[in-house]
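What follows is one structure encoded as structure tokens, with my remarks underneath.
Where a number appears in this text, it was derived from the coordinates with a stated rule and is not lab data. Owing to the predicted nature of the structure, the values given are computational and were not obtained by experimental measurement. A quick note on method: Cβ atoms are made from the backbone with ideal geometry, for glycine too, and the neighbour counts reach across all protein chains shown.
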Amino acid sequence: MLDIGWQELFLIGVVALIVVGPKDLPRVLRTVSHFVRKARGLAREFQNGVADMVREADLDDIKRKVEGSSRTIESTFKETVDPTGSLTSDFDPAEFNRQIKERVEGGPPTRPMAAEAAPEGGKPSEASPATEKPPAAKPKAKPKTPRGAKRAAG
């Protein structure tokens, strides 16, 4: 920036007071501060534009480096996990998707479920009455006797 000290500012102020006069000095200072504010805004905008260009250039370099390293990582992974390439050739994503689609769109199985549960005789088994457990019986409640009945009997 400009290297202006207090002495230079005082000299500029005295010259402005003599040239402009005390009556118009506030208006002139307002106008000058307005132009200085605009100049600072333009300088800030220019500086931000240059900083953005530098940032984008750096990001492009970083992006290229990352893309190069990702290719290296991918090739290293393939060499480590599947050096012969047999896993990659055995797994065909298109075939896998086709098989899943057939299973989903094929609907339910065609054979009846009862035939799977049938014993060797060919008929579904029915539970025999001998093997079924009878329902649990509720315990019988004691008959209530009047309070005075026990005493009279005893």
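Modelled spin-label separation between Glu56 and Val20, with each label point placed 7 Å from Cα along the Cα-to-Cβ direction: 4.1 nm. Among Glu45, Glu105, sorting on how many other beta-carbon atoms sit within 10 Å of each Cβ, with the fewest leading, yields Glu105, Glu45. Here each label is just a point 7 Å from Cα along the line to Cβ, and for Asp92 and Thr80 those points are 3.0 nm apart.
For region 6-104, the Cα-based Rg and Dmax, in that order, read 34.4, 97 Å.
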